[in-house]
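What follows is a short report on a single structure.
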Amino acid sequence: MNFAHQMPFGAEICDDGKVRFRLWAPKASQVSVDLCAKILPMPQMDQGWFELITGEARPGTRYQFKIDDLHSVPDPASRYQPLGVHGPSEIIDPRTFEWKNISWVGRPWEEAVVYELHVGTFSPQGTFAGAEQKLDYLVDLGITAAELMPVAAFPGTRNWGYDGVLPYAPAACYGRPQDLKHLIDAAHAKGLMVFLDVVYNHFGPEGNYLHAYSPQFFSEHQRTPWGEALNFDGPGSRQVRDYFIHNALYWLEEYCFDGLRIDAVHAICDSSHPGFITELAETIRTKVGQNRRVHLVLENHNNEAHYLGGDVCDKPGRCTAQWNDDIHHAAHVLLTRESDGYYQDYADDPATHLARCLAEGYSFQGQPSSYQKGRARGEPSRDLPPSSFVSFLQNHDQVGNRAFGERITSLTGAGKIKAALAVLLLAPSPPLLFMGEEFGASTPFLFFSEFGPDLADKVREGRREEFSRFAQFRSQEARTTIPDPNSEDTFLRSKLDWGSLELGQHAAWLRLYRQLLAFRQREIVPRVKNLLAGKAEFAVFGNKALSIVWALAGGDALLLLANFGDDKVDIPQFTGGRLLYTTADDAAWLQNKKLPPLCATWFLRP
């Protein structure tokens, strides 16, 4: 069985073996396709389109578009860039890959335990094939979904992936398109879902040639933190929206991904109705989600609850879930006492912020944010189910956006972390792990890139300037200690050290994660679908202790008691229940109703 997504642009192989080239270039007067050995003019169509069907090209042919005899550019819908983002595109016939696991339809969202990984640093090889060799490890750990950080072609051979400029082409440094498909097919054979992180809010700063022939891709009035905003609501926006909607369908249909994580939705500037995200979700659920379980997860600092609930209500324009930054920030402050930057919003009472997240989703549901200078942030989320919010103690941002890429294990004590893991990995919301955290990886995850000389210095200095507002980096001398993103050593230091996996404390961390995730699948997952949305209650007692009660259909409830303080605390109105799990050394404290320090305990109670 083979799969191909039919696109209205790019290089498509026709049924008769000919190739149709199509490009939207409204600024161009003439366009040709350069097949290296031959240049073929492309007739101009309506509304800025150019199109040519020819028998001169075939799978494997490399080509570029020549714009007004001035610029030779890659195909913006290229399926593969063998020589990088500045080189020619290659014609790919997706129908040559034979999928084996054609009966795979995905897994229910309540089973999700997500493992975020960066292909280049996850395995020694740093390739799709290298990641494939680790699939058994992920299954044994208790993971049900591997999430790849963006793989769309970016400049150079090392990058986090958020500087991609050709969103249809898997980065050549990771392998060819069939290598990525092989990874996904192999994951499905082992019962693993595979998600892809996609970026629809900006293009990277190097290798983007759209201005030369299609400036309508960009907004004239809006900007993002990374440069020009994309045009989702102005003149020409229909073609721009189609370009990204087809990109999502392409990954889901042609590569059989089980879901997408959509980066920084808050940076998509769009005043249209329906908005781009709503149209995207509705299109995907209509075209792909009828026969498969497809999950759409957002990153959205604005906490806009109206986007969520797509898997639990009859609203096809909704997405499945959102990465819950609130729960990370609250837990991080509770464990480390850090209060710089956005952590200041949680420093006043981190236990209450954490408890509210566990019970209601967001902590900020319209309250003013001091970090955002008093601006209201968020929408009410209490009535959404816990499955609408992805919880994590680490992810690529929260590790990699630290100056030295430190992981949580180097910032606080093991006892606090273990208590937090027993909360977040067992709570009804689906948990996310960042690669290596499960064995207490000592390697950092640093910010790295490989831009050309015109950008390299700006990126280095810009990275260091970002930290100038932190007391630790007020001086120029201190900022020079921040690793250079352009250095290959910065990238190599970020690779996981698999040789440490079974050594000392690393092995102990791995045993703990395996134990907790096995317990989750056995005791928590079967009950998640019975949770009553909007019925959870929370309380905070002592200095840093909390309780959460999640009501279940049928009259039972899940009860969590957690104490992040250093002293035992009295438990008010404790009615007990069947003990499911505790991090305490024994359950003797149940008799005197004093919750031990650094403890998390789960009950099932009437």
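Figures for the structure shown
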quantity: Whole-angstrom Cα spans of the stretch 531-605 along principal axes, big to small; calculated: 35, 22, 19
quantity: Amide proton proximity set for ASN302, modelled H, under 5 Å, gap of 5+; calculated: HIS266
quantity: Centre separation in Å (Cα based) which lies between the stretch 192-210 and the stretch 378-436; calculated: 24
quantity: Packing-based order for 507-516, 422-431, 572-581, 299-308, using average beta carbon neighbours within 10 Å, highest first; calculated: 422-431, 299-308, 507-516, 572-581
quantity: Coordinate range along principal axes, alpha carbons of the stretch 204-363, Å, largest first; calculated: 51, 38, 29
quantity: Gain on full stretching of the segment that runs from ASP136 to THR336 - 0.36 nm per residue minus C-alpha separation; calculated: 68.6 nm
quantity: Neighbour-limited loop hits for trypsin sites (Lys or Arg not before Pro), the stretch 83-158 (at most 16 other Cβ within 10 Å; DSSP other than H, G, I, E, B); calculated: LYS100
quantity: Whole-angstrom gap from the stretch 1-47 to the stretch 224-264, using each part's C-alpha centre; calculated: 20
quantity: In order through the stretch 7-15: 3J(HN,Hα) via Karplus (6.51 cos²θ - 1.76 cosθ + 1.60), integer Hz, x for Gly, Pro; calculated: 10, x, 8, x, 9, 10, 8, 7, 4
quantity: Three semi-axes of the equivalent ellipsoid, the chain, Cα gyration tensor, whole Å, largest first; calculated: 44, 25, 23
quantity: Amide H contacts of GLN222 (H built 1.01 Å from N, under 5 Å, at least 5 apart or other chain); calculated: ALA229
quantity: Among beta bridges that DSSP assigns inside the chain, antiparallel share in %, nearest 5; calculated: 70
quantity: Relative contact order (percent, whole number), the stretch 531-605, Cα cutoff 8 Å, 6+ residue spacing; calculated: 31
quantity: Placed amide H near GLN322: partners under 5 Å, 5+ positions off or other chain; calculated: LEU298, PHE389, VAL390
quantity: GLU477-TYR371 FRET efficiency (beta carbon distance; Förster radius 25 Å; 0.05 resolution); calculated: 0.35
quantity: Protection proxy ranking, peptides 62-75, 113-126, average beta carbon neighbours within 10 Å, highest first; calculated: 113-126, 62-75
quantity: Karplus (6.51, -1.76, 1.60) ³J(HN,Hα), θ = phi - 60°, over the stretch 84-100, in Hz, Gly and Pro reported as x; calculated: x, 6, 8, x, x, 8, 10, 6, 10, 9, x, 6, 7, 8, 9, 7, 9
quantity: Proximal aspartates and glutamates to LYS38, defined as alpha-carbon separation beneath 19 angstrom and excluding residues fewer than eight positions away on the same chain; calculated: GLU12, GLU51, GLU56, ASP68, ASP69, ASP75, GLU90
quantity: Karplus-derived 3J(HN,Hα), 6.51/-1.76/1.60, for each residue of the stretch 159-176, Hz, glycine and proline x; calculated: 5, 4, x, 7, 9, x, 10, 10, x, 9, 10, x, 4, 5, 5, 9, x, 7
quantity: Computed label-point distance, nm, for sites THR96 and LEU604 using a 7 Å Cα→Cβ extension; calculated: 5.3
quantity: Cα-based Rg of the stretch 164-278 normalised by 2.2 N^0.38 Å, two decimals; calculated: 1.16
quantity: Calculated FRET efficiency for the pair ASP16/ARG469, C-beta based, R₀ 51 Å, to 0.05; calculated: 0.25
quantity: The chain - mean residue ellipticity at 222 nm from DSSP helices (-39,500 (n - 2.57) per run, n ≥ 4, rounded to 500); calculated: -7000 deg cm²/dmol
quantity: Spin-label model distance (nm) - ASP570 vs ALA539, 7 Å beyond Cα toward Cβ; calculated: 1.2
quantity: Overall form of the stretch 10-96 per C-alpha gyration tensor (a/c, 1.5; a/b vs b/c); calculated: oblate
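Read-outs: derived from the displayed coordinates by stated rules, not from any lab. Quick caveat, the model's predicted, so the values are computed rather than measured. Because the Cβ atoms are built from the backbone with ideal geometry, glycine has one as well, and the counts that use them run over all protein chains shown.
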